[in-house]
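Everything below concerns the one structure shown next.
Any read-out appearing in this document is the output of simple, stated calculations on the displayed coordinates, not a laboratory observation. Note that this is a predicted model, so its numbers are computed, not measured. Don't worry about glycine lacking a Cβ; one is built from the backbone with ideal geometry, like all the others, and counts go over all protein chains shown.
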Amino acid sequence: MSITSLAQSIQSGKVSAFQHCTDTIRNLKERDASYNCVTKVLETRALQTAKDLDARIARGDTVGPLAGVPFGVKDLFDLEGQVTTAGSVVLNNSPPATRDAEVVQRLCAAGAIPVASLNMDEFAYGFATENAHYGTTRNPHDTQRLAGGSSGGSAAAVAANLLPFTLGSDTNGSIRVPASLCGVWGLRPTQGLVPLAGVYPFACSLDVIGPFAQNVADIRSVSEVLIGQSLAYKGDASALSVGILDGWFAQDLTSGVAAGMSAIQAACQHTQTITLPEVARARAASFVITAAEGGNLHLNRLKVEPMAYDPATRDRLMAGALLPSAAVIQAQRVRNWFREIMHEAFRKVDILVAPATVGPAPRLDQPTIMVGGKAVSARANLGLFTQPLSLAGMPVLSAPLSPRNDVDIPLPLGVQFIAAPGKENTLLAFAEMLEQKGLLGFPVVTARN
C-alpha cells in the first residue's frame, strides 16, 4: 500500500491508526533482529499519538496528508524527550531534546507518526553502518552483506518493509549509497531547501537531509511535506534532455550497472554524453572539507574523551582537525569551480544520470569493492560516484534499477539522477517515467521471503 493510500484508509476510518501502529511496532520488534536497523522504539509516544489521531478522525477533524503513516529517523534527528546520540555513546549523558527536529515537526503536523530511531555510522562518518557501539546494520536482501551508510538503518528499514518511509542525512552520499545497496529510493534535496534545525551536524556546509521510500510516488509525498510545497511537474517528462555522465562515472562498473545505464539512455528521446572535468579533484575537495569541518566540530571533545569514540571515527576526526588551513581554502576554491561546471552542464541538459555505486553491496566478511582493477576498502570508497556531486549542492535522487532476468539472485543496484537547484519536481517526474517503463524499482523484503 502506498503512503497516500494508507493515509487515505486511515482518514476514512477503514484502517485504525492505533492498530496499524501496533502492528508496525510488533513487526519491528519481531523482524529487526535479522537486520539491526533500530536503535530505539518510540512505543509509548507512537501508540498515544495514534490513539489521539483516531479520536480526531472520529470527531470529523481535518488531519494531514500523511495521517497515521509510521516512520523512523536516523539517530541524529532530535526527538522530544530522547537523547540524540548520533550513533555514539559519547553523547549518552547529554540532556534529552526539548523538541523534535523541525522536519520531524513538519511530518507530525501532516499526521505522520515517528516510531523509531535508526542505526548509523558513528557521527555519520562512514559508508557502511558498521557501528562499534550499536552493531552493524545488515542488508535485508542478503544479511551477509553491508547495507551501506551512513544512513544504513534508514535504508534497510524501508528495504525490509519495516517502515514505509524514513529520514536520513547525506553529506557525501549517506542517503544515496545505502539507497543503492538496499534497493530503495533516496532523495538528497537541494542544499538549504530542507531545514537542518534539530539535526546533529557532520559537515555543516555539505549536510542535507532527505527521505527514503519504496517508490517515487512515496518519495514525492514525503518530500512535499519536508519542503513545504507541491512537487507536481506540468511538462512532458519524456521530452526532457538527458546527459549521461561518462569518464569518471563510466569506470569500474559491474555489468549490471552498465546495462542499467544503457537501458536508461535507450529509453530517453534526447540524450548526450557529458564529461565533467577534474572529478577526482572534486572528490578530494569533498574529502578535505568534510574532514576539516567534522574534525573541528569534535576537537574539544576529542581532547577530553578520545577513547569513547569508535577508533576508526576518532582517527579520521583527529586527522581532519589537523588539516592546514591552506588545504581547506584550496578545497573550497575547487568546490566553487566545480559548482560552476555543474551549472554549465545544466545549460545543455535537464537531467544528468550517473551510477550511484560501482556494483552491489559488498559482503560483510569481504568489505571491498574493485576500483582500477584493485580491491579497495568499501567503507572509504563506496562514495566514489556520490562524493563529487555533493559539492554542487544540487538535488540528487538515488533510484534502484529493476531486477535483471539474466541474474539468478539479483542484488540491488542504483543510479543517480541530478537536476539543477530547486528542480526536484523535474527529477521526480523523470524518475517516475522510467519507473513506469519498468526500468526502475526493486521489490522489498517481506516476512515471507
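The table for this structure:
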quantity: Fraction of alpha-carbon pairs over 14 Å apart in the stretch 387-449 - percent; calculated: 63 percent
quantity: Chain lengthening between Gln251 and Gln19 when straightened (0.36 nm per residue, less Cα-Cα); calculated: 78.6 nm
quantity: Protection proxy ranking of 337-345, 143-151, 381-389, 367-375 - average other beta-carbon atoms within 10 Å, highest first; calculated: 143-151, 381-389, 337-345, 367-375
quantity: Extension gain (nm, one decimal) between Thr143 and Thr4, 0.36 nm per residue minus Cα-Cα; calculated: 47.0 nm
quantity: Positive minus negative residues near Leu53 (Lys, Arg vs Asp, Glu; Cβ under 13 Å); calculated: +1
quantity: Highest-fluctuation residue, Gly414, Gly256, Gly192 considered, GNM on the chain with Cα pairs under 10 Å; calculated: Gly192
quantity: Signed unit charges on C-beta, dipole axis of the chain, positive-most listed residue Ile351, Val415, Phe165; calculated: Ile351
quantity: Highest to lowest packing among 323-333, 434-444, scored as the average C-beta count within 10 Å; calculated: 434-444, 323-333
quantity: Farthest positive-ward along the chain dipole, Cα basis, beta-carbon charges - from Met342, Gly198, Phe249; calculated: Met342
quantity: Whichever lysines have a C-alpha closer than 17 Å to that of Lys423, once near sequence neighbours (fewer than 8 apart) are set aside; calculated: Lys234, Lys348
quantity: Rough spin-label spacing in nm, given labels placed 7 Å along Cα→Cβ, for Asn296 and Asn405; calculated: 5.5 nm
quantity: Fraction of antiparallel bridges per DSSP, the chain only, in percent to nearest 5; calculated: 70 percent
quantity: Relative contact order for the chain, counting Cα pairs under 8 Å that sit 6 or more residues apart, in percent; calculated: 17 percent
quantity: Contour minus Cα-Cα distance for Ala109 and Thr62 (0.36 nm per residue); calculated: 15.8 nm
quantity: Cβ-based net charge around Ile289, under 13 Å, with every Lys or Arg adding one and every Asp or Glu removing one; calculated: +3
quantity: GNM flexibility winner over the chain from Ala217, Ala312, Ala321 (Cα, springs under 10 Å); calculated: Ala312
quantity: Estimated FRET transfer efficiency (Ala239, Thr273; beta-carbon r; R0 25 Å; 0.05); calculated: 0.85
quantity: Ranked packing of 52-61, 3-12, most packed first, by mean Cβ within 10 Å; calculated: 3-12, 52-61
